[in-house]
1. Does Leu33 satisfy the condition of being out of contact with any Asp or Glu (no Cβ under 8 Å at 6 or more places or on another chain), surrounded by 12 or more Cβ atoms within 10 Å (Cβ to Cβ) and either not in a helix (DSSP H, G or I) or not polar (S, T, N, Q) (or both)?
2. Could you tell me which of the residues Leu59, Leu50 is modelled with pLDDT of 95 or more, over 24 Å from Lys9 (Cβ atoms) and in contact with a helix residue (DSSP H, G or I) (Cβ under 8 Å, 6 or more places away or on another chain)?
3. Report every pair of residues separated by at least 6 positions or lying on different chains whose Cβ atoms are under 7 Å apart, first residue within the stretch 2-18 and farther than 17 Å from Tyr111 by Cα and modelled with pLDDT of 70 or more, second assigned to a helix (DSSP H, G or I) and among the aliphatic types (A, V, I, L, M).
4. From the residues in the stretch 53-101 that are of a type outside the set (Gly, Ala, Ser) and assigned to a loop (DSSP other than H, G, I, E, B), which one is surrounded by the fewest Cβ atoms within 10 Å (Cβ to Cβ)?
5. Is it the case that Ile108 is loosely packed, with under 15 Cβ neighbours inside 10 Å, modelled with pLDDT under 90 and under 15 Å from the mean Cα position of the chain (by Cα)?
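The values are calculated or read from the model by the stated rules, or taken from the named source; none is laboratory data. Computed from a predicted structure; not experimentally measured. Here the Cβ positions follow ideal geometry from the backbone for every residue, glycine too, while neighbour counts run over all protein chains shown.
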Amino acid sequence: MENEEIKEKIVEALEPEELQELRKDLFAKKDELEEINDWEMEENEVDDWLDEVYEEVDLAGTKYSFSSVLKATDDYRYDNFRDDIESEKRDEKEEDLKDEVEDLEEQIDNYE
């Protein structure tokens with residue numbers, strides 16, 4: 001370890017616990033942000049979203065959820081919906097994480 005790294009670790013160890021927690025939160029959010037492209041929705045989340053947006057399908061007097069009919073009849077279209085939904089949610093999540101990182105950095109910079 002170089003002298004600068006040792007010095008940084010000593011300074012960090014002497015910081016108030018609240019500031020250490022802010023830094024820990026910041027590192028965690030930055031890690032999440034780096035891994036955002038690997039994030040995927042669970043299938044049930046996709047189904048729930050589709051079923052909220054689209055009405056039930058009536059087949060010969062029996063009602064079925066839109067997601068179950070789509071999966072059973074057109075996997076390709078279901079996958080396209082899933083990709084679109086994930087992309088939209090990923091973008092939202094990325095923006096939220098960027099805002100959180102910015103907020104934490106500001107709190108650390110202004111910590112007294």
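1. For Leu33, the condition - out of contact with any Asp or Glu (no Cβ under 8 Å at 6 or more places or on another chain), surrounded by 12 or more Cβ atoms within 10 Å (Cβ to Cβ) and either not in a helix (DSSP H, G or I) or not polar (S, T, N, Q) (or both) - is not met.
2. Details: Leu59 fails: modelled with pLDDT of 95 or more.
Result of the check over Leu59, Leu50: Leu50.
3. Here the result reads none, with nothing in the stretch 2-18 linked to a residue that is assigned to a helix (DSSP H, G or I) and among the aliphatic types (A, V, I, L, M).
4. Step one: filter the stretch 53-101 for residues of a type outside the set (Gly, Ala, Ser), giving 53-59, 62-64, 66, 69-71, 73-86, 88-101.
Then drop every residue that is not assigned to a loop (DSSP other than H, G, I, E, B), which leaves 54-56, 74.
Values: Tyr54: 14, Glu55: 9, Glu56: 13, Asp74: 12.
Residue satisfying both the conditions and the ranking: Glu55.
5. No, not satisfied.
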